[in-house]
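Here is the structure we will look at.
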Amino acid sequence: MIAATDFIPSKYSQTIESGNFQWSAPSNIALVKYWGKKDNQIPANPSVSFTLNTCKTITKLAFAKKINTGNFSFDLLFEGKPKEEFKPKIQKFLERIEIYMPFLKDYHFTIDTENTFPHSSGIASSASGMAALAMNLMSVEKALNPAMTDDYFYQKASLLARLGSGSACRSVKGSVVVWGNQANIEGSSDLFGVEYPYAIHDNFKQFQDTILLVDKGEKQVSSTVGHDLMHNHPFAERRFAQAHENLDTLIPIFESGNLEEFIKVVESEALTLHAMMMTSMPYFILMKPNTLQIINAIWKFRNETKTPVCFTLDAGANVHVLYPKSSQEKVLQFIKDELVGYCQNGQYICDEIGIGAIRN
Ligand code: PMV
């Protein structure tokens with residue numbers, strides 16, 4: 001079994017003065033949800049997600065050798081302009097990954113980042129952002145150690161991304177990614193996300209995710225606080241066991257393409273995630289009235305038209321509408337006719353399943 005210590009390098013074969021890289025990494029949407037963690041961003045239960053395609057972060061990383069004074073040195077730009085507010089998160093990330101990247105204090109970094117989705121859309125950029133940064137840092141390490149294998153490169157990129165934001169570890173690869181130890185999924189690990197290793201039916205190829213922007217405001221409760229409330233949560237142990245069961249249930253569903261069964265697991269997972277929030281102490285609700293309006297409209301439409309469309313939710317009020325490519329026309333018409341009115345300023349984003357991070 002691979003251990004975290006396997007990713008601590010001994011010595012690099014090359015020295016390098018300066019350089020720059022650019023990577024883009026997409027967001028992802030979990031089908032079985034990660035909610036609750038142990039130390040070092042080790043998940044309390046495994047999760048599986050579809051990697052997205054359109055919603056992504058594009059990050060340029062420039063680096064130049066400096067004298068190691070025992071501090072990290074970096075500038076952070078968002079859309080080309082300095083963004084001081086983002087710096088503490090990056091500083092913390094660098095501290096967490098330093099043990100795996102002993103060269104970090106030998107360079108000054110300029111991190112220039114932008115998202116393809118609108119700022120403050122309520123779409124979390126932490127998954128795509130941390131994944132894009134992790135990919136760039138791995139490119140620097142690969143320059144120092146060109147003998148590095150691809151497996152090591154991607155596993156370590158995911159491990160680093162995980163330390164930035166748990167779900168970010170699922171944004172390195174596509175198109176279906178598992179994170180967390182699951183006995184029946186070979187190669188699965190608590191340390192990094194892996195490509196789902198078994199058969200996936202054509203029904204899931206080009207699967208669509210239309211994100212309805214219900215509420216673009218700041219969340220009242222952060223994911224960090226939410227994860228933490230799973231400690232001593234009265235239903236935690238049962239919930240963690242259920243996530244394992246649901247992941248096992250999805251294995252034959254991915255193979256057969258049975259969308260009816262797929263929908264049951266996915267919608268139940270979304271509602272369970274929010275049920276955990278509502279039953280923690282203190283309790284909280286991230287759904288908004290329009291979230292429920294949309295869910296009810298989807299159920300009605302599905303019932304009446306037999307279209308295999310369903311919803312899932314992140315830790316927020318926005319609704320991800322999931323459906324196969326073959327139902328695209330029908331569902332988009334339904335969204336325009338009946339759901340747009342529930343979106344803030346009528347905004348929604350059309351995305352689909354994607355292949356993971358790309359070097360630009
Ligand atoms: O990666 P974090 O710490 O922001 O956690 C996000 C967790 C959910 O989005 C709610 C579920 C998931 O598995 O992505």
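Things to note:
- Around the Cα centre of the chain, unit charges on the Cβ atoms of Lys, Arg, Asp and Glu (plus for the first two, minus for the last two) sum to a dipole of about 580 debye.
- Listed by chain and number, the lysines whose alpha-carbon sits under 30 Å from that of LYS325, ignoring those within fewer than 8 places in the same chain, are LYS33, LYS56, LYS173, LYS205, LYS216, LYS264, LYS288, LYS300, LYS306, LYS336.
- Note on the stretch 207-352: dipole from Cβ charges, positive end direction compared against PRO289, LEU322, ILE335; the farthest Cα belongs to PRO289.
- For the stretch 244-290 versus the stretch 297-345, the gap between their alpha-carbon centres in whole angstrom: 16
- Largest to smallest principal axis extent of the C-alpha atoms in the chain, angstrom: 66, 43, 42
- Estimated FRET transfer efficiency (ILE8, GLU245; beta-carbon r; R0 35 Å; 0.05): 0.50
- Cα shape, the stretch 252-300, gyration tensor, a/c 1.5 rule: oblate
- Rounded, prolate or oblate (a/c below 1.5 giving rounded, otherwise prolate when a/b exceeds b/c) for the stretch 41-118 by Cα gyration tensor: oblate
- Projected label points at PHE235 and HIS201, each 7 Å from Cα along the beta carbon direction, are separated by 2.8 nanometres.
- The accessible area of VAL214, taken with all protein chains in place and a 1.4 Å probe, comes to roughly 10 Å².
- Taking all protein chains as shown and a probe of 1.4 angstrom, LYS142 keeps an accessible surface of around 60 Å².
- Extended-chain gain in nm, criterion 0.36 nm per residue less alpha-carbon gap, ASN20 and ALA183: 54.7 nm
- Heavy-atom accessible area order for ARG238, ARG170, largest first, 1.4 Å probe: ARG238, ARG170
- HIS108 versus PHE86: modelled label distance in nm, points set 7 Å from Cα along the beta carbon direction: 1.9
- For the chain, the carbon plus sulfur part of the accessible surface works out to 51%, probe radius 1.4 Å.
- Summed over the residues of the stretch 4-199 and divided among them, the accessible surface reaches 40 Å² per residue at a probe radius of 1.4 Å.
- The dipole here belongs to the stretch 207-352: it is taken about the Cα centre, uses +1 on the Cβ of Lys and Arg and -1 on the Cβ of Asp and Glu, and is about 380 debye.
- Normalised radius of gyration (Cα atoms, divided by 2.2 N^0.38 Å) for the stretch 4-199: 0.99.
- In this structure the stretch 207-352 gives 47 Å² per residue of accessible area when probed at 1.4 Å with all protein chains present.
- Remark: the stretch 204-215, residue by residue, has Karplus-estimated 3J(HN,Hα) of 8, 6, 6, 4, 9, 9, 9, 9, 8, 8, 7, 8 Hz, where x stands for each Gly or Pro and the curve is 6.51 cos²θ - 1.76 cosθ + 1.60 at θ = phi - 60°.
- Rolled with a 1.4 Å probe across the full set of protein chains, the surface gives ILE355 an accessible area near 130 Å².
- Helix 236-256 and the longest principal axis of the C-alpha atoms of the chain enclose an angle of approximately 80°.
- Those GluC sites (Glu not before Pro) in the stretch 188-247 that DSSP places in a loop and that have at most 15 other beta carbons within 10 Å: GLU218
- The stretch 207-352 shape via C-alpha gyration tensor axes, a/c threshold 1.5: oblate
- Surface listing: THR54, THR312, THR272 arranged by accessible area from highest to lowest gives THR54, THR272, THR312, probe 1.4 Å.
The values are calculated or read from the model by the stated rules, or taken from the named source; none is laboratory data. Values in this document were obtained by computation on a predicted structure and should not be read as measured data. A quick note on method: Cβ atoms are made from the backbone with ideal geometry, for glycine too, and the neighbour counts reach across all protein chains shown. Calculation scope for accessible area: heavy atoms of the full protein, side chains included, ligands and nucleic acids excluded. Shrake-Rupley method; radii C 1.70, N 1.55, O 1.52, S 1.80 Å.
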